[in-house]
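Below is one structure, written out as structure tokens, with a few remarks after it.
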Amino acid sequence: MNEAVRWRAVITYRKTGRLRYLSHLDVTRAMERALRRAAVRVAYTQGYNQRMRLSFGPPLPVGAEGLRELCVAVLEERTAAAEIVERLRHQLPQELGCVETTVEPDDRQSPLKHLRWANWRIVVVSDPPVPPEQICGAVGLLGRQATGGTPRLEGEENDASNRILRAEAVVNGEEVEILATIGVAEDNYLSPDKLLRAVEARLQRPIALRWTRAVRVGFER
Amino acid sequence: MLPGDLLLRVETPARYVNGEINAAVKPHARVRIAFCYPDVYQVGMDHLGTLILYHVANSHEEVAVERCFAPWPDCAQQLRHLGLPLSTLETGTPLRDCDIVGFTLQYELTYPTLLAMLHMGGIPVRAAERRGSDPIVIAGGPGATNPEPLAPFIDLFCIGDGEELLEELLARYEAVTDDLGPRARWGLDERQQALAALAEIEGVYWPAAYEVHEIAGQLIPQPGRGGKEKIVARLVRDLDAAPFPTSPPVPWVETVHDRGQLEIARGCTRGCRFCHAGMFYRPVRERSPEILARQAAELVDNTGYDELSLVALNCPDHRCIEEVIEAVQGAVAGRGVSLGLPSLRVDTFSVDLARKIAQVRKGGMTFAPEAGTQRLRDVINKNVTEEDLLTAAQAAFEAGWLTVKLYFMIGLPTETAEDVAGIADLIAQVAATGRRALGRKAGRLQINVSIAAFNPKPHTPFQWCGQAPWEYLERARKRLQMAVRDRAVRLSFHDFDQSLVEAAISRGDRRVGEAIEAAWRAGAYLDAWSEFFDVGRWRQAMERTGRAPEEWAGREIALDAPLPWDVIDTGVTKEFLAGEYEKAMKGQATPDCREWECHSCGASRRVPGCRGVIPDAQCR
Ligand code: SF4
């Protein structure tokens, strides 16, 4: 392999528990500081204000959890993935811990490119309360896989449907859990909040939905 | 703190979640102390004094110090709504269940927030209403040098440097609980005994042990049983030997400054006559480059910060500043860490230092000439000439800075229209210098000018002077706005109403405490934030004192009148301050004693043979 090729670490981490309240910026700062504490030799940008060469996957909203979030760090020197995992283990709390790390040449396409869809598990409550089945029904009408007979929506809600690949809902005791695959790329991004607005629009009753737990489980291309 | 799903309903919930790297969690400690900062997390987490004391106390195994900040109003409302008490971050212990609850007094407008935090934490706001088993409420910091406005609410004030004092306080507290049993079982008698024992420590003021008498229109505390004649501020002599936090908690959310801090020196002897810190923290104490290099490396290892700020009242005054910078830079080389020097003098040496450390230029280079004419600069003893400012500004522009920040005050003692016009002149000259130096880049020149009202502070040579009336300040503001028409100059003025209340509190006596409580009861909270500050509320609250805020802030006090804060001996004598006041009125400057001769400020009473700085050996 060409000696000049840089290496990069693809760090898969979680954002869970009480640390789900961190914003995307908080997470990027925390990760940069953890890498510096761990003395992982990450490369720096050139110039006056040198920054670590880090890139992150799509932002996760404040309060939402992520089980397989992505951070790519360009390395100053080739470092074994196991060593990075081990060093980071001491520098990050469990709730923001590293799930796995791979080290690969930096001349390949970035794993962050072409991430188009994210799989979500979203627990919702409604105000006023409605039978969970109604919510499930409304969710079933969303997304590209929803078949004929779906009433067409105007404007934003219709646009939201294009950003939903799959959506279904299950009743879990009192709770309704939505399992959805929604867009994360620049041209199809949809937040869990916007997903719920789309469900509300399908309910055809003035009902406010909010999520009490939202977990981004992973990504699809 | 708040249960999980409620955190979803408050702004910036991450500030309430705890679990930061390096936070000390000790669920089984014998003594639990809450260190409260009467402002929000993002402000309080930058406070170096709190971080130092957090480190000092937590190095005792048996002691847990936990942090508590003022919740943002949305969160405070949720706590009220749910009937939850304000609690510490680390273990979620309600303030009322802590042994000691401490506050730092950095700014007078935070005082109503302090009362609110006590109340939210389930502690009676008035010291006299506390039960035996309630926590002991202490306060320290610069505001404690006039403790009287908060005397009704605080059990004990700690005056001066806190490191050694806190150690002694902890040891004495443990001894007291050995004698009297655990605090939770104390009655009022035990509480009195405990307070009396703690008040014996040097530097501790127990306001309940003083009676106040009205003399010349002011309530003056006089010692009763258990009260000392004078409370002598504590002084840490050897900064190298003093404990320093190299693994402070690293905030999850972005704080105002958000970087590691290295205290390179404490104190200043330049003698600016308006400056509280420059009188209170004397003599100067310096840390040596070797110690700082070690601390810098540890700080980066333990926090991962990408920026370290060298902290002192005046960084370039450190006699080994070049060695300090070299040593610190060497210690963190190759780790992507930049250095910052936030406090600079008005001279080319400072610009040179900033250039050497490649201080980020976007923020601008800051100079504080404070007054517009040489005459007035001599009055306030700001030993900076117009030439100093212009050469320093030129050096900054030549070194690549496009933005310069200037700090001025208006309403200074003896100020005339000519002095105000002098500010506009000086700004114009800096602008002209900038345009000349920047040449083709002159279009990008920016001069940000920040103008504040002079605030007379206790324990300074100007403690006897009144604050200028609002109408005067407004006139001066308008005059400056008319006079400065340059598009490259941005003028900003501090809120004069806030300055008025700040001065009224800082020069107040115990009656002002009534006003602070009334303001809090009327809703004053986070008043340092202009969006929450309401001067009308304060006017009404001040009626309780029988005086308008203008009377407290603006009154001229006779030099021989006793002062409510005379009970505190900061180290500098009242005679020295009076002498400085008289020299000010004659327009005479007093040079820095480090470079000149001793002016007998009083510091030598504690530091025999004082030469203005410890250690007084020259740099290599
Ligand atoms: S005692 Fe003299 S040398 Fe020491 S700080 Fe005061 S004026 Fe300076």
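The values are calculated or read from the model by the stated rules, or taken from the named source; none is laboratory data. Everything numeric in this text was worked out from a predicted model, so none of it was measured. Cβ coordinates were reconstructed from backbone atoms using ideal geometry, including for glycine residues, and neighbour counts include every protein chain displayed. Surface accessibility is based on the protein's heavy atoms, side chains included, excluding ligands, DNA and RNA. Shrake-Rupley method; radii C 1.70, N 1.55, O 1.52, S 1.80 Å.
With θ set to phi - 60°, apply the Karplus curve 6.51 cos²θ - 1.76 cosθ + 1.60 along region B:256-268 and write out the HN-Hα couplings as whole Hz, x wherever there is a Gly or Pro.
Karplus-based 3J(HN,Hα) across region B:256-268 equals 4, 9, 6, 7, x, 10, 10, 7, 8, 7, 10, x, 7 Hz.
Along the positive direction of the dipole of chain B (beta-carbon charges: Lys, Arg +1; Asp, Glu -1; about the Cα centre), which of B:Ala175, B:Ala127, B:Val613 reaches farthest?
Going by the Cα projections, it comes out as B:Val613.
For chain B, find the longest principal axis of its Cα atoms and tell me its angle to the long axis of helix B:162-180, 0 to 90°, nearest 10.
So the helix axis and the longest Cα principal axis differ by about 0 degrees.
I need the trypsin sites (Lys or Arg not before Pro) found in region B:71-178, filtered to DSSP loop residues with at most 16 other beta carbons within 10 Å of theirs. Mind dumping the intermediate values first?
Values: sites: B:Arg80, B:Arg96, B:Arg126, B:Arg130, B:Arg131, B:Arg172; in loops: B:Arg126, B:Arg130, B:Arg131.
When the trypsin sites (Lys or Arg not before Pro) of region B:71-178 are filtered for loop state and at most 16 Cβ neighbours within 10 Å, B:Arg126, B:Arg131 remain.
Amide H neighbours of B:Ala29 under 5 Å, at least 5 residues apart or on other chains, H built in the peptide plane: list them.
Here the answer is none, since no amide H 5 or more places off falls under 5 Å of that of B:Ala29.
Using only Cα atoms and rounding to the nearest 10 degrees, what angle (0 to 90) does helix B:417-438 make with the longest principal axis of chain B?
70
Please give the charge dipole size of the protein assembly as shown, origin at the Cα centre, charges +1 on K and R Cβ atoms and -1 on D and E Cβ atoms. Round to the nearest 20 debye.
Working: 102 positive and 114 negative charges, 425 e Å.
Dipole of the protein assembly as shown, to the nearest 20 debye: 2040 debye.
Out of the total accessible area of region A:1-82 (probe 1.4 Å, heavy atoms of protein only), what percent is carbon and sulfur?
Whole-percent figure for carbon plus sulfur exposure: 51.
How far is the Cα center of region B:135-150 from the Cα center of region A:191-206, in Å?
With region B:135-150 and region A:191-206 each reduced to a Cα centre, they are spaced 53 Å.
When only Cα pairs under 8 Å and 6 or more residues apart are kept, what is the percent relative contact order across region B:4-232? Show your work: numbers first, answer last.
On the way: 376 pairs, mean separation 36.6, N = 229.
Result for region B:4-232 is 16 percent.
Under a 5 Å amide H to amide H cut-off, with H placed in plane at 1.01 Å, what residues pair with B:Asn381 once short-range neighbours are removed?
B:Arg273
Can you flag which of B:Lys230/B:Lys382; A:Lys113/A:Lys194; B:Lys478/B:Lys583; B:Lys457/B:Lys586; B:Lys356/B:Lys405 are past 25 Å Cα-Cα? Working shown, then result.
On the way: B:Lys230/B:Lys382 31 Å; A:Lys113/A:Lys194 23 Å; B:Lys478/B:Lys583 31 Å; B:Lys457/B:Lys586 20 Å; B:Lys356/B:Lys405 19 Å.
Violating the 25 Å Cα-Cα cut-off are B:Lys230/B:Lys382; B:Lys478/B:Lys583.
Choose one answer from A:Ile207, A:Ile135, A:Ile122: the residue with the largest mean-square fluctuation in a GNM of chain A with alpha-carbon springs under 10 Å.
A:Ile207
Taking chain B as the reference, fit the longest principal axis to its C-alpha atoms, fit the long axis of helix B:386-398 to the helix C-alpha atoms, and give the angle between the two in degrees, 0 to 90, nearest 10.
The answer is roughly 90 degrees.
So, counting K/R as plus one and D/E as minus one, what does the shell of residues with Cβ under 12 Å around B:Thr433 add up to? Display every interim value, and only then the final one.
Numbers: positive: B:Arg435, B:Arg436; negative: B:Glu386, B:Glu387, B:Glu398.
Its environment carries a net charge of -1.
Before rounding to the nearest 500, sum -39500 (n - 2.57) across all DSSP H runs of length at least 4 in chain A and divide by the residue total; then give [θ] at 222 nm in deg cm²/dmol.
Working: 5 runs with 52 residues, N = 221.
Roughly -7000 deg cm²/dmol at 222 nm, from the helical runs in chain A.
Please give the calculated 222 nm ellipticity per residue for chain B, where each DSSP H segment of at least 4 residues contributes -39500 (n - 2.57) and the sum is spread over every residue; nearest 500 deg cm²/dmol? Let's see the in-between values first.
On the way: 20 runs with 214 residues, N = 620.
That calculation yields -10500 deg cm²/dmol at 222 nm.
Using the Karplus equation 6.51 cos²θ - 1.76 cosθ + 1.60 (θ = phi - 60°), what ³J(HN,Hα) coupling, rounded to whole Hz, does each residue of region B:211-225 give in order, writing x for Gly and Pro?
In residue order, the calculated couplings are 9, 9, 10, 7, 10, 6, x, 10, 7, 10, x, 10, x, x, 5 Hz.
Percent of accessible area on region B:4-232 owned by carbon and sulfur, 1.4 Å probe?
Numbers: 3940 of 8000 Å².
On region B:4-232, the fraction of accessible area on carbon and sulfur atoms equals 49 percent.
Given H placed on each backbone N at 1.01 Å, which residues far from A:Trp7 in sequence or on other chains put an amide H within less than 5 Å of it?
A:Leu75, A:Asp106
What does the buried accessible surface come to for A and B, summed over both chains, with the probe at 1.4 Å? Round to 100 Å². Don't skip to the answer; put the middle values down first.
Numbers: alone 11820 and 24410 Å², together 33980 Å².
Buried: approximately 2200 Å² between B and A.
Leaving out ligands and nucleic acids, note down the accessible area per residue over region B:4-232 with a 1.4 angstrom probe, in whole Å². Don't jump to the answer; show the numbers that get you there.
Numbers: 8000 Å² over 229 residues.
With the other protein chains kept in place, region B:4-232 gives 35 Å² per residue.
So which chymotrypsin sites (Phe, Trp or Tyr not before Pro) in region A:1-101 end up in coil per DSSP with only 14 or fewer other C-beta atoms within 10 Å? Please report the intermediate quantities before stating the final value.
Details: sites: A:Trp7, A:Tyr13, A:Tyr21, A:Tyr44, A:Tyr48, A:Phe56; in loops: A:Tyr48.
Passing sites in region A:1-101 are A:Tyr48.
What nm distance separates the two modelled labels at B:Ala197 and A:Glu133, each placed 7 Å from Cα along Cα→Cβ?
7.0
If exposed means no more than 13 neighbouring beta carbons inside 10 Å and the site is in a DSSP loop, what's the longest run of chain B without any exposed GluC sites (Glu not before Pro)?
Values: sites that count: B:Glu11, B:Glu61, B:Glu62, B:Glu200, B:Glu229, B:Glu531, B:Glu556, B:Glu595, B:Glu597.
Looking at chain B, B:230-530 is the longest stretch - no exposed GluC sites (Glu not before Pro) with at most 13 other Cβ atoms within 10 Å.
Is the protein assembly as shown rounded, prolate or oblate when judged by the Cα gyration tensor, a ≥ b ≥ c being the square roots of its eigenvalues, rounded requiring a/c under 1.5 and prolate requiring a/b larger than b/c?
On the way: a/c = 1.73, a/b = 1.42, b/c = 1.22.
Taking the square roots of the gyration eigenvalues as a ≥ b ≥ c, the protein assembly as shown is prolate.
How about region A:1-71: which GluC sites (Glu not before Pro) there lie in a loop by DSSP and see at most 11 other Cβ atoms within 10 Å? Numbers along the way, then the final one.
On the way: sites: A:Glu3, A:Glu32, A:Glu65, A:Glu69; in loops: A:Glu3.
Here the sparse-neighbourhood loop sites are A:Glu3.
Apply the a/c threshold of 1.5 to the C-alpha gyration tensor of region B:488-572 and tell me whether it is rounded, prolate or oblate. Kindly include the intermediate steps, with their values, before the conclusion.
Details: a/c = 1.99, a/b = 1.25, b/c = 1.59.
Oblate, since a/c reaches 1.5 and b/c is not below a/b.
Classify region B:4-232 as rounded, prolate or oblate from the Cα gyration tensor: take a ≥ b ≥ c as the square roots of its eigenvalues, call it rounded if a/c is under 1.5, otherwise prolate when a/b beats b/c and oblate if not.
On the way: a/c = 1.68, a/b = 1.40, b/c = 1.20.
Judged from the Cα gyration tensor, region B:4-232 comes out prolate (a/c at least 1.5, a/b above b/c).
When the Karplus curve 6.51 cos²θ - 1.76 cosθ + 1.60 is applied with θ = phi - 60°, which whole-Hz ³J(HN,Hα) does each residue of region B:569-582 get, with x for Gly and Pro?
Karplus values, whole Hz, x for Gly and Pro: 9, 6, x, 9, 7, 5, 5, 4, 4, 5, x, 5, 4, 5.
May I ask you to derive the relative contact order of chain B, considering only C-alpha pairs under 8 Å and at least 6 residues apart, and to give it as an integer percent?
Details: 1220 pairs, mean separation 89.3, N = 620.
Normalised by residue count, the contact order of chain B is 14 percent.
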